[in-house]
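A.B. asks: Submitted below is the structure of interest, expressed as structure tokens.
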């Protein structure tokens, strides 16, 4: 008997949705051994990482608070990944969106009006779009790799934010701390669940995911995106404009990242600070893949990734695990997912070899 | 500016260029074999933290450097198993490698933040090191700097002058043809990917043992990505890669000196100056993509495409 690997004639649809669960299971298993190796009680550590955040209303609301930006950014990125457009600078677009929207909040600081928050949202979206337009322009005009440009721009955006909050936008009454003034009421997102930090952004994220699902499955644009990604030659033959799809994907993902950034500043944070997120723009890449680039799958994977953040914080408080464990888990999860993908494309079969070794 | 301080600045340029040169040289070989590994940043970080931790634990920098090379290779092996054996998407796997490397290095390094380590010793070459100007400029560096230059020459020679180098290029240009005349495409790519891991590990070791002898989370600050851009800049040629690495080393040091020159440079805030290496990368990528030499970029034809021999 020997093992033989054969290509499947078609990707196994059923396995496509089972393998993410398998990847999660493998990650938990790997986590068990990592905790054991580090000298922690693995059962207690895993409990505080994955279970105890889900046992209180506050924990659940925090889960939604963290999942919202991940879902919003992940949905946008997934659209691009399907078209082979690799925007990995969402963190930068998020930052610029926060700067643009936060700038409005500071410009109208102390003023009241129902128009301030919508204006901030608009500025956030436009800021993120404008920032994503740079790699889009370079990609469509000069064929410059968007992976490198969008990532380099992330470092630039972080420095820009730092320059602003250390300089002109620093709170004059803030004892010199590098942060802006606290936004006033009209510039803050309404909380939708009393006693928690759950804000309007969570509802918007769900809406965005459902809307993206409709666009991807029910419209010509969604169809074009998929064809450009899977069969560029066929797309060109059918007269689909590749460049238009690149622009569309980058502007959409940039705008969504910008809005997510604005929601962070106007929601849980309430001001501009040098570091806005624990890397949501990068984690959203994992979210997109784990959700199978499907908007509804991304809702689930976004919630799971949010759990890895909250679990990480929780395990740090409860059993003293270093915060960095979260990053290791996220990386491992993506590894396992990519590895188990093999099962959807190939199958392993036992082949009898007895006849071949028999003497002639 | 005095003559001595000019020499001093040029010496720091060499320091800034060396980690880029290591990482980019490794990636150049990887890409020449037709594989795109976006995980350099992660491999460098793991190399940096391994070098630091082993050096602190054993008091031997040589062991630290060796361990960094092995750690880089192990990271690359994970990438190889996923992309070469399991035909996973190379872009996604490379990103996963970087995300994993950032997390793993932070986890391993959490106990080493703020601990000092002795800087790699500068090797004195009798006679040469005492020369005026040239001595301090060229012959007063640590072993890794010399190794990076030797590696550049070695890779150039290997790719152009040797038979295995030719096979590697053939695999990168046309995997199907190379396979059909009997070369083991997957094996060649594994070896190239492992070499890339070793080099990224060494680049990381240089950062944490020589350039800034300490450990800090994400201390690579995007150098792995700049290395990727450098490979494009070099149009996959080691000589131009060397030039590019030193050019970028120069930009990095220039902005550091501009920041240090009291009260800022031209009244620009420090952050604007810190943006320079990243903006320069974008400008350089745009210029080489749009320049008159556009058609001669020579990317390996099979770059990033998975290969699985028909059975």
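A.B. asks: Of the listed peptides A:272-281, A:160-169, what is their order by residue-averaged count of other C-beta atoms within 10 Å, with the highest listed first?
C.D. replies: Sorting A:272-281, A:160-169 by mean packing, highest first, produces A:272-281, A:160-169.
A.B. asks: Ranking A:313, A:62, A:318 by Cβ neighbours within 10 Å, fewest first, what do you get?
C.D. replies: Final ranking by Cβ density, sparse to dense: A:318, A:313, A:62.
A.B. asks: Let me ask another. Percent of Cα-Cα pairs per 5 Å bin, from 0 to the last occupied bin, for region A:64-306, please list those.
C.D. replies: Taking all Cα pairs of region A:64-306, the binned fractions are 1, 8, 15, 18, 19, 16, 11, 7, 4, 2, 1, 0, 0 percent.
A.B. asks: Residues of region B:132-175 with the amide nitrogen closer than 15 Å to a label point 7 Å from the Cα of residue B:221, along Cα-to-Cβ, please.
C.D. replies: None, by backbone N distance to the label point.
A.B. asks: Taking the protein assembly as shown on its own, what percent of its Cα-Cα pair distances exceed 31 Å?
C.D. replies: Of all Cα-Cα pairs in the protein assembly as shown, 55 percent lie more than 31 Å apart.
A.B. asks: Here is a further query. Evaluate 2.2 N^0.38 Å with N set to the residue count of chain B, then give the Cα radius of gyration divided by it.
C.D. replies: 1.01
A.B. asks: I would also like to ask the following. Given the DSSP H assignment, sum -39500 (n - 2.57) over each helix run of at least 4 residues in chain A and divide by its residue total; what's the result at 222 nm in deg cm²/dmol, nearest 500?
C.D. replies: Calculated from helices alone, the mean residue ellipticity at 222 nm is -22500 deg cm²/dmol.
A.B. asks: Continuing with this model, one more query. I need the Kirkwood Rh of region A:59-105: take the reciprocal of the average 1/r across all distinct C-alpha pairs and report it in angstrom.
C.D. replies: 12.1
A.B. asks: Just tell me how shielded B:274-284 is by partners: mean number of partner chain Cβ atoms within 10 Å of each residue's Cβ, no decimals.
C.D. replies: Averaged over the peptide's residues, the number is 5.
A.B. asks: A follow-up question, please. With everything on Cα atoms, drop me the angle between helix B:185-206 and the longest principal axis of chain B, reported from 0 to 90° to the nearest 10.
C.D. replies: Computed tilt is about 10 degrees.
A.B. asks: Label-point separation (nm) for residue B:235 and residue B:137, each offset 7 Å from Cα along Cα-to-Cβ?
C.D. replies: 2.9
A.B. asks: How do B:32, A:170 line up, fewest other C-beta atoms within 10 Å first?
C.D. replies: A:170, B:32
A.B. asks: With springs only between Cα atoms under 10 Å apart, run a GNM on chain A and tell me which of A:31, A:101, A:195 wobbles the most.
C.D. replies: A:195
A.B. asks: Measure nothing but the geometry: give the 0 to 90° angle between the long axis through the Cα atoms of A:325-345 and the longest principal axis through the Cα atoms of chain A, rounded to 10°.
C.D. replies: 40
A.B. asks: GNM on chain B, C-alpha springs below 10 Å: top fluctuator among B:36, B:45, B:107?
C.D. replies: B:107
A.B. asks: Helix-only estimate, please: 222 nm mean residue ellipticity of chain B, summing -39500 (n - 2.57) across DSSP H runs of length 4 or more and dividing by its residues, to the nearest 500.
C.D. replies: -22000 deg cm²/dmol
A.B. asks: What are the principal axis extents of the Cα atoms in region B:14-96, in Å, biggest first?
C.D. replies: Answer, in whole Å and largest first: 41, 28, 18 Å.
A.B. asks: Residues of A:130-143, mean number of Cβ from any other protein chain within 10 Å of their own Cβ, rounded to a whole number?
C.D. replies: If you average over the peptide's residues, the count of other-chain Cβ atoms is 2.
A.B. asks: On a 0 to 90 degree scale, rounded to 10, what angle separates helix A:242-264 from the longest Cα axis of chain A?
C.D. replies: Compared with the principal axis, the helix lies near 50 degrees.
A.B. asks: Now for a separate question. With an 8 Å Cα cut-off and a minimum separation of 6 or more residues, compute the relative contact order for chain A in percent.
C.D. replies: About 36 percent, as a whole number.
A.B. asks: Over the Cα atoms of region B:102-242, how large are the radius of gyration and the largest Cα-Cα distance (Dmax), in Å?
C.D. replies: 18.9, 57
A.B. asks: Still on this structure: Can you pull the mean other chain C-beta count within 10 Å for peptide A:333-345?
C.D. replies: For peptide A:333-345, the averaged partner shielding equals 5.
A.B. asks: Shifting gears a bit: FRET efficiency for residue A:2 and residue A:32, Cβ-Cβ distance as r, R0 = 35 Å, nearest 0.05?
C.D. replies: Using R0 = 35 Å, I get an efficiency of 0.60.
A.B. asks: For chain B, what's the relative contact order in percent, using C-alpha pairs closer than 8 Å and at least 6 residues apart?
C.D. replies: Normalised by residue count, the contact order of chain B is 36 percent.
A.B. asks: May I ask you to order B:47-53, B:235-241 by the average number of other C-beta atoms within 10 Å around their residues, highest value first?
C.D. replies: The densest-packed peptide leads the list: B:47-53, B:235-241.
A.B. asks: Regarding region B:78-137, what's the average projected area of the Cα-atom convex hull, expressed in nm²?
C.D. replies: The number I arrive at for region B:78-137 is 8.1 nm².
We did not get these values from a lab; they are worked out from the coordinates using the rules stated. All of these numbers come straight from a predicted model, not from anything done at the bench. Using ideal geometry, Cβ is built from the backbone for each residue, glycine included, and neighbour counts are taken over all protein chains shown.
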